[in-house]
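This report concerns only the one structure given below.
The values are calculated or read from the model by the stated rules, or taken from the named source; none is laboratory data. Since the model is a prediction, treat every value here as computed from it, not as a measurement. No Cβ is skipped: glycine too gets one built from the backbone with ideal geometry, and neighbour counts run over all protein chains shown. For the accessible areas, the whole protein counts, side chains as well, though only heavy atoms, and no ligand, DNA or RNA atoms are used. Shrake-Rupley method; radii C 1.70, N 1.55, O 1.52, S 1.80 Å.
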Amino acid sequence: SAGSTANAVYSTDFEGDNTAWTLGAGSSGPGNWAVSTARPHGGSNAFLAQDYAALSDQRLISPAITLPTGQGPISSSFQNPLSGLQGWCGDPVAYFRSVVDLTAYAGQTVQFRFRLGSDSSVGRTPHGWYIDDVTVQSCIAGGNDIIFQDGFDPPSQ
């Protein structure tokens, strides 16, 4: 919002070392998350869980990320309950921005799990759910001079 500044706590575009990202316990069925060059959002790489026409439960776990405390809220307008869990569902679309409010976890160290569940109906192999350009950020309240937030300085006298 106006008067606040984004503070990146964690960011990755999956172009470098991805060994901190792990395959989650409980994954089952064909395939699992892997780095793909087929359809990255930016750069050359994205993580992909293929959508098979078979039962699978594919889990990708982020490295541990410590969330800051005492900073501004993040919009939660994209949350969607699914079987008692928060998640996103529906037909895939080219990369879209998802924002999740993590205020309740401020000050804690967390990990994020991206989980694709496929069923025995139509699959989209070799494609499925691509994850790229992940950023965890907070908002720091700014000063009262919002008009000068773009770096423009008033003329000196």
Exercise for the section: Filter segment 47-62 down to the residues that are part of a loop (DSSP other than H, G, I, E, B) and at pLDDT below 90, then identify the one that is surrounded by the fewest Cβ atoms within 10 Å (Cβ to Cβ). Expected result: LEU55
Practice task
For segment 69-78, indicate whether the set of residues that are at pLDDT below 75 and under 29 Å from THR37 (Cα atoms) is non-empty.
Solution key: yes
Fill in the blank from the handout: Those residues of segment 31-46 which are aliphatic (A, V, I, L, M), open to solvent by 40 Å² or more (accessible area, probe 1.4 Å) and closer than 9 Å to PHE14 by Cα amount to VAL35
Handout entry: Residue in segment 11-21 that is at pLDDT 85 or above, hydrophobic (A, V, I, L, M, F, W, C) and closer than 22 Å to GLN108 by Cβ present
Key = yes
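Yes/no matrix, rows are residues, columns are (1) within 18 Å of the chain's Cα centre (by Cα); (2) modelled with pLDDT of 60 or more; (3) in a loop (DSSP other than H, G, I, E, B); (4) within 30 Å of THR37 (Cα to Cα):
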{"site": "VAL100", "(1), (2), (3), (4)": "yes, yes, yes, yes"}
{"site": "VAL122", "(1), (2), (3), (4)": "no, yes, yes, yes"}
{"site": "THR125", "(1), (2), (3), (4)": "no, yes, yes, yes"}
{"site": "TRP129", "(1), (2), (3), (4)": "yes, yes, no, yes"}
{"site": "CYS139", "(1), (2), (3), (4)": "yes, yes, no, no"}
{"site": "PRO154", "(1), (2), (3), (4)": "no, no, yes, no"}
